[in-house]
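Values quoted throughout were computed directly from the atomic coordinates according to the rules given, and no laboratory measurement underlies them. This is a predicted model, so every value here is computed, not measured. Positions of Cβ are generated from backbone atoms using ideal geometry, with glycine treated the same way; all protein chains shown enter the neighbour counts.
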Amino acid sequence: MALLETRNVTKQFGGLTAVDSMDFVLEQGSVCSIIGPNGAGKTTFFNTLTGIYRPEKGYIHFSSHSLVGRRPDQITSLGIARTFQNIRLFGSLTVVENILVGMHPRLKQDPVSILFRSRKFRSEEEQAYQQARELMDFVGLSGFGDELAQNLPYGAQRRVEIARALASSPRLLLLDEPTAGMNPAETSAAIALFRRIRDERGVTILLIEHDMHVVMEISERITVMDYGKKIAEGVPDEIRTNNLVIEAYLGRGAASELLNLG
Amino acid sequence: MKTRWNSLLASLGSLRTRLSIGKAPYILTISLIVVSTLWVFIDPRNLIAFLLFLTSAWLVYSLPMKRSVKIILALLIALVIVPVLGVRNIFYLEVIFQISVFAALALGLNIVVGFAGLLNLGYVAFYAVGAYLWAFFGSQQPFLLNAIPGTAAPNVNFFLPGDMFFLFLLLGMILAAVVGVLLGLPVLRVRGDYLAIVTLGFGEVIRVLANNLDKPLNLTNGPQGITPIQRPTLATWLQDGLNIILTPLVGHPASEGEFYNLFFYMMALLVIVLVIFMVTRLDDSKIGRAWAAIREDELAAASMGIPVVKLKLAAFAVGASFAGVMGVLFAASRTFVSPESFNFMQSIGVLSMVILGGLGSIPGVILGAGVVVILNLQVLQALSLWLSALRQSDAVIPIINFAWRNLSNQLDPAKYQRMLFGLILIIMMIYRQEGLIPARRRKREKGKDLTGNENGEQAPAAEVKNGAA
């Protein structure tokens with residue numbers, strides 16, 4: 001069953017069509033990637049999915065809800081969480097607090113119970129802290145909870161961002177270049193983490209990635225974008241040998257040379 | 001220069017550690033309270049004695065002591081020593097009342113600016129809304145709607161009984177919150193600098209409205225302002241009872257005016273306690289975390305499922321409501337309001353208290369209010385008095401041979417309020433952006449400590465580390 005389906009989604013900025021008639025289907029429980037050269041419209045596509053941009057045309061369905069016209073926070077409440085290309089943690093908050101912010105839509109505190117510290121409030125907060133600790137264990141950050149997010153090393157910040165996204169108990173996790181700037185050891189740890197997110201927590205994953213090693217290793221299906229359009233789609237082996245894809249990345253001349261050599 | 005500054009900080013830090021060991025903080029604080037109280041009592045006009053007294057109150061907060069001892073000392077100072085000294089020299093009560101009013105305003109603004117990160121330069125407008133609400137209903141103004149401003153007939157009854165004041169504290173709070181939301185709805189679409197400019201405009205709009213709403217219907221009595229405004233009646237048995245205690249302590253029975261000053265001081269204190277209670281609890285909940293998230297990164301906050309507009313409106317409304325209460329209190333305590341009390345300088349003044357004390361830091365903001373009010377009301381005044389005394393003497397500045405009496409009146413320090421705010425803002429931005437007492441995040445990965453005891457004992461160690469770094 002398709003968890004996410006977009007039809008003919010188009011997003012324009014003035015004369016530039018950043019996302020052009022994207023048709024895209026994502027199956028429940030899969031791990032898929034979107035790749036493409038810089039400026040292909042991948043992040044813009046993510047931003048239309050999460051409600052940061054409103055597409056001019058087309059529709060987006062997520063498990064029988066239409067997403068077009070909803071605000072980012074409403075879309076998150078429906079079960080889509082994301083991370084950002086440039087890490088966007090709440091730097092002056094601690095790691096635990098960052099994760100608790102991710103739980104915001106799930107917590108049912110009202111002003112009265114907050115002011116009077118009702119039993120319900122306290123038990124919910126305790127549970128929230130408990131879940132935050134579990135999430136920190138899950139992404140391998142046990143014991144860092146009281147550090148300010150901005151003081152953590154880069155790789156750890158990426159993991160905080162993933163924990164924060166998972167805190168909303170999403171059904172779909174959108175990762176925007178999650179391994180950018182990581183060394184090979186960190187990258188393979190990240191790949192293992194993504195697998196566990198899918199296998200242990202049942203979260204469907206869609207990622208934008210430039211590291212072909214990561215893409216080929218983890219993706220069940222790959223979608224390739226160039227100039228806002230979907231130019232190819234398929235399993236990793238199909239994409240690896242697709243002429244259009246190689247052209248998009250290397251340019252027409254280089255691609256034909258490469259194919260001739262091959 | 002930089003290293004000398006650092007070594008000074010480091011030595012201050014080590015002094016702090018030495019004062020934090022064992023019984024030292026108790027002895028120091030209590031003896032300072034006793035000495036300064038006696039000094040102020042004997043010499044009520046001495047500024048240094050009064051500053052020393054305020055410092056002792058500060059030590060109660062800042063030195064590490066048992067929580068119970070701190071609470072007892074704080075109650076003793078707030079409920080016994082200040083009233084007695086205040087009746088002894090009514091000016092101190094005025095200073096402390098102003099500190100409490102501005103501390104409540106600064107705490108409210110701190111929610112908007114410090115927690116949610118929305119720069120509001122027209123905050124004093126909400127204060128005006130509360131003040132004019134009680135000024136209108138608590139005076140004869142409703143009967144004078146068609147009167148020409150400034151020619152009010154003296155023999156008109158008051159519209160409402162004075163005791164309605166207590167109800168209007170609540171109404172002022174609600175009305176200011178509603179105005180906050182109404183302002184917020186269109187305004188919160190803009191961010192950062194633009195928000196600051198729009199709120200600045202709003203603050204001026206309210207002041208100009210107050211200035212001009214004397215026609216077609218005379219609602220505000222224009223630039224003359226509204227007076228007299230009623231105060232609630234104080235029970236005579238309460239006054240007599242208090243006088244039995246106060247007379248031997250102070251040397252004379254307190255007058256009715258002094259009782260009102262005491263009353264409004266206590267009301268301001270009560271509001272502050274309520275405000276602190278609400279602010280700390282809101283801060284430590286999903287609402288406070290959401291405000292911090294919006295302040296740090298609005299887009300990321302929205303992507304985490306936080307309804308940004310709703311929470312910004314909440315911040316505006318809560319901040320405004322505190323100003324509304326204080327406005328009602330202000331109108332009653334002064335028995336007079338006029339548009340001039342709510343000019344732009346007041347907004348800047350409150351903002352500089354928040355920035356001086358530390359954005360987002362509750363004790364910091366209160367300290368900021370104290371420092372700014374004292375600088376304004378006492379230090380600048382004292383300098384003015386000193387200069388005018390010099391001007392009347394035959395003294396001459398030695399080397400340049402300049403007679404003090406030729407000094408221009410323009411150089412009166414009491415007129416330097418604006419320069420003072422400006423200097424505070426500039427110096428803080430350069431040397432200590434996080435304020436006198438920076439806001440700290442709670443450290444409790446291991447779960448929540450709901451007893452309210454937030455590792456106050458470890459605070460000095462952290463301070464020393466910062467000082468030495």
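Points to keep in mind about this one:
- Here the spin labels are modelled as points 7 Å beyond Cα on the Cα-Cβ line, and at A:Glu5 and B:Arg441 they lie 4.2 nm apart.
- For the range A:1-125, a crude dipole built from +1 on the beta carbon of Lys and Arg and -1 on the beta carbon of Asp and Glu, taken about the Cα centre, is about 380 debye to the nearest 20.
- Label-point separation in nm, B:Arg191 to B:Ala382, each point 7 Å along Cα→Cβ: 4.6
- Dipole magnitude of the protein assembly as shown, debye to nearest 20 (Cβ charges: Lys/Arg +1, Asp/Glu -1, about Cα centre): 980
- Most positive-pole-ward Cα, B:Ile197, A:Leu152, B:Met429, against dipole of the protein assembly as shown from beta carbon charges: B:Met429
- Distance between modelled label sites at A:Asn183 and B:Ala24, nm, 7 Å Cα→Cβ extension: 4.4
- Peptide B:289-299 has a mean of 5 when you count, residue by residue, the C-beta atoms of other protein chains within 10 Å of its C-beta.
- Pairs from the table (A:Lys42/B:Lys310; A:Lys120/B:Lys310; A:Lys230/B:Lys286) lying more than 32 angstrom apart at Cα are A:Lys230/B:Lys286.
- With the charge dipole of the protein assembly as shown set up from +1 on Lys and Arg Cβ and -1 on Asp and Glu Cβ about the Cα centre, the Cα lying farthest toward the positive end among the listed residues B:Ala131, B:Ser347, A:Ala81 is that of B:Ala131.
- Listing A:Val235, B:Val40, B:Val308 from fewest to most neighbouring C-beta atoms within 10 Å gives A:Val235, B:Val308, B:Val40.
- Extension gain, A:Arg195 back to A:Thr241 (0.36 nm per residue minus Cα-Cα distance, nm): 14.1 nm
- Here the gap between B:Ala389 and B:Val69, fully extended at 0.36 nm per residue and compared with their Cα-Cα distance, gives a gain of 110.8 nm.
- Full extension of the segment from B:Thr55 to B:Val34, taken as 0.36 nm per residue of separation minus the current Cα-Cα distance, would add 6.3 nm.
- Straight-line reach from B:Lys23: taking Cα to Cα under 18 Å and skipping same-chain neighbours fewer than 8 places apart, the aspartates and glutamates in range are B:Glu457.
- Computed from point charges on the beta carbon alone (+1 for Lys and Arg, -1 for Asp and Glu), the dipole magnitude for chain A about its Cα centre is near 900 Debye.
- Note on chain A: dipole from Cβ charges, positive end direction compared against A:Ile114, A:Phe45, A:Asn8; the farthest Cα belongs to A:Ile114.
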